[in-house]
Every structure is written in structure tokens, then in C-alpha cells.
Amino acid sequence: MNLSWGNWDVRVYAAEAWLSLAPRFAAEHPHIVDMLESMVADPVPQVRLQVARSLQVISDAAPERMWAIAYRVAAEEQHDGVLASFLVSFLRKFTWQDPDHCEAIVEIVRARLPIVPVDPSSSRDGVQSALGGFVAQLWAGQGRPAARVWLEAWSADPITYGNLLDSYSSQLRGAFFHRYDGSKEDDASAMTDRAQEGLDMILSAATRVSAEHYAIAMDESAGADDRKAAGQAYQMAERVTHHAMNQLYFGSGAHANEQNPALGLPTHAAMARFLTDYAAILELLAVSGYPATVHHLIELYEYLIPGAPSAVFDAIHSVLLGSAAREGYHHESLGNSAVVRLIRRYIADYRSIFEDQARRTHLVEILQLFSDVGWAEALKLLYDLPDLLR
């Protein structure tokens, strides 16, 4: 059941009318609050939606009753769409003003998870997405310890709480890079520390779960049903990793263009510091063999080359000859194009790093990997390499 309404849904318009009266008259006419409270139990979810997402209209006239109604909605509302809208449209307005109430209400909703969606065909869990936003705000933004405990618990099960974890990382795309922008406020670096800690929790668990299910899916001695279920679980865990990868990829400036001009790492010094600060997270991402994740990781490293050319090349080699090769990334045309492009850049701008014999060997291994599956550009580079490095 969706939450749309039309001209004949007069009860919805009646609820809107009562809400419009509340800011001006509820203090002198308490029965307005009584009417709004009765509507949170209305049998029509569209009516409940109007009140649940707009309870702040009585915050001045009846703050205690507002919170009492809010607790009731959190504990009793059965429609996932209404509950999600309540969390996003009403409760998020009070995260700074009254974080204690917000935490208590989130705790009530958390205890009810998982909430069965009204529309089981929907792939998006609005309640989880809303909770992920709260964790991002209360933990990364405000340093509230309870929210960190929630995130740690949810991170342990990326298959069940994938929507929530994706929402957390999406909300913090910019925050992952605050410490590298000197113009930000004084506590921006602390926010980045907390955001990064949360991302590390998510990726550590997703990587572990992915590896466990991958092993079952590839085990020929396991039953067909078990292998199929493990394969599906592997995909779900990898999607969480990929979503986290995207936040670093797009937030860093690796994909900056007219539509997405943000540069989270605007200088070579910032790139170098990022490589150090996020070394553990980049290693976790490198474990993934998911082609889309690998591709964005390679392009992120390509963007970061000026920050530490030698270290970046070594990391690229480790990814391409490790998990990426296992999952066949070298068969992808986009992969070939990206690798050929970055190697040409290295030869043109950072040729001196290949004076190291081990690194020169790594270069040949990369080109050999892509040449062996028939990519002409990689094969030509391999044959021209002695002249190019002369």
C-alpha cells in the first residue's frame, strides 16, 4: 500500500487543517492537540502520516504531549512508510535540540527491527535508511556513544542491515574528507575521525561476511541450496562494500565534473595524508573482488597518484594481481581502459619509480595479465615497454 492520496480523501485534508491550526491556537485550545493525538491511531495510514511527520507544530504549545505522542508513534506505528517519514521529517529536526529524546525514540524503533514492510516487493527499507541517518548524525556528527553502540551491532550483520549501513555512509560522504579542508570548523577533524571509525566497522564486517559466504558458494562439496544461498549473501555483503567505496570515490574528487564539482582532496598533500589515514580502509576495499568496487578503487588510486606515486602503484599491483584477478576484472573492457590509461600516465610522469627492479617486474605482471586475455592496447604497451622505459 502506498501513501498517496487524492481529492476524495477528505480525512487527510481534515488532518492537514488541524495541523495548520496548531501553531497559532493549540496553546489556548488544547482540544487541537487532543485531535492530533487521536489521529495517530486513525485506521487510514495517510491520515497518520500527516500527524506523524509534523508533530513539531505543537512543540511550543505542548512539548511534553508532543514527545508523549512521538513515543507512541515509535512504539505502535505499523506502516513502515509512516514510521520512516516520522523519523526523517519530524525526529531529525530535534537531534541537536533534544538528542536524549531522539536516542530514546530510536532505541524503541531499534528494538522493533526488522519491521515488515507493507510492500514486500520494495528493495528499499525506509526505516533502516532513516536510522542510518540518525547514526551518522548522532555518532559522527555529535559524538553520542549510544549511536556508536548501535552502529557496531548493525555492522556485524550487513546482510540484514545493508540499507541502514548504506544510509550511514551516504550521509557522511563529505564528512569523510572534512579534515583535509582547512576552511572547515574546528571540530570537523573529530567528525571525520568518527565517520571513518564507523566506516571501518562496516567494511571490516562486510569483508568478513563476504569471505565466509564466498567460501561456501565455491565449495563443491556443499549442497546446491546452501551454495545458492551463500552466493546471494555474498552479493549482498559486497553491495555494502561497493556502496562505501562509492562514497570515497565520489567524495574525493576522483569523479569531479561540472555536475559533481566537489574535491574532497584538493591538493597533493591532502592526497598523501588521505592515503596514510585511510590505509586500513583501502586495504579492506582491496579485498573485494567485486568488479564494480575494484574499478572505482583503481580509479580512486589513479586520482591519488600525485600524493604518493610509488605507494599507489604498489597498491594497484596488489589489487590487480590479487582479488581483482581472482574475479576476472582483467576481462572487463573498462578495466583494460583504466589500467592502460594509468600506466601510460606513470610512464609519462613518474618513470623514475620503475628504476626499482621489483616495481618494473610488477609493471610487466600487470600488462601480462591484461595481454593474456587479448587486450591489444595492453599487449602493445608490453612490447613497447623496453623502449618506453629506456
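Listing for the model above:
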quantity: Any hit, the stretch 226-241, residues being within 29 Å of Thr160 (Cα to Cα), of a type in the set (Asp, Glu), open to solvent by less than 50 Å² (accessible area, probe 1.4 Å) and modelled with pLDDT of 95 or more; calculated: yes
quantity: Helices (runs of 4 or more DSSP H) completely within the stretch 297-388 that count 2 or more residues being open to solvent by less than 50 Å² (accessible area, probe 1.4 Å) and more than 20 Å from Ala272 (Cα to Cα); calculated: 323-326, 333-349, 357-371, 376-388
quantity: From Val116, Val106, Val149, residue being among the hydrophobic types (A, V, I, L, M, F, W, C), open to solvent by 10 Å² or more (accessible area, probe 1.4 Å) and not in a loop (DSSP other than H, G, I, E, B); calculated: Val149
quantity: Hey, Asp166 at pLDDT 95 or above, touching a His at 6+ places or on another chain (Cβ under 8 Å) and either among the aliphatic types (A, V, I, L, M) or closer than 20 Å to His242 by Cα (or both) or not; calculated: yes
quantity: Total residues in the stretch 56-77, condition within 35 Å of the chain's Cα centre (by Cα) and either under 23 Å from Val118 (Cα atoms) or part of a loop (DSSP other than H, G, I, E, B) (or both); calculated: 10
quantity: Among the candidates Ile58, Ile32, residue that is touching a Leu at 6+ places or on another chain (Cβ under 6 Å), at pLDDT 95 or above and open to solvent by less than 10 Å² (accessible area, probe 1.4 Å); calculated: Ile32
quantity: Of the criteria (1) outside any helix (DSSP H, G or I); (2) of a type outside the set (Phe, Trp, Tyr); (3) in contact (Cβ under 8 Å) with a residue 40 or more places away in the chain, which one Val294 fails; calculated: (1)
quantity: Meets criteria (without any contact (Cβ under 8 Å) to a residue 60 or more places away in the chain and either surrounded by fewer than 22 Cβ atoms within 10 Å (Cβ to Cβ) or in a helix (DSSP H, G or I) (or both)) for Asp100; calculated: yes
quantity: Of residues in the stretch 83-97 being in a helix (DSSP H, G or I) and among the hydrophobic types (A, V, I, L, M, F, W, C), the one surrounded by the fewest Cβ atoms within 10 Å (Cβ to Cβ); calculated: Val88
quantity: Criterion: modelled with pLDDT under 95 and open to solvent by 40 Å² or more (accessible area, probe 1.4 Å) - qualifying residue of Asp9, Asp80; calculated: Asp9
quantity: In the stretch 132-146, residue farthest from Glu103 (Cα to Cα) [restricted to those that are open to solvent by 10 Å² or more (accessible area, probe 1.4 Å) and assigned to a helix (DSSP H, G or I)]; calculated: Gly141
quantity: Among (1) within 25 Å of Gly253 (Cβ to Cβ); (2) at pLDDT 95 or above, the one test that Ser210 misses; calculated: (1)
quantity: Test for Ile159: is it open to solvent by 10 Å² or more (accessible area, probe 1.4 Å), not in a helix (DSSP H, G or I) and not basic (Lys, Arg); calculated: yes
quantity: The stretch 35-52: number of residues that are assigned to a helix (DSSP H, G or I) and either under 20 Å from Lys93 (Cβ atoms) or touching a Leu at 6+ places or on another chain (Cβ under 8 Å) (or both); calculated: 10
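The rows are residues; the columns are (1) of a type in the set (Asp, Glu); (2) open to solvent by 50 Å² or more (accessible area, probe 1.4 Å).
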position: Ile216; (1), (2): no, yes
position: Asp219; (1), (2): yes, yes
position: Ala222; (1), (2): no, no
position: Gly251; (1), (2): no, no
position: Leu285; (1), (2): no, no
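The values are calculated or read from the model by the stated rules, or taken from the named source; none is laboratory data. None of the values given here were measured: they were computed from a predicted structure. Don't worry about glycine lacking a Cβ; one is built from the backbone with ideal geometry, like all the others, and counts go over all protein chains shown. Areas reflect the complete protein model, heavy atoms only, side chains present, ligands, DNA and RNA absent. Shrake-Rupley method; radii C 1.70, N 1.55, O 1.52, S 1.80 Å.
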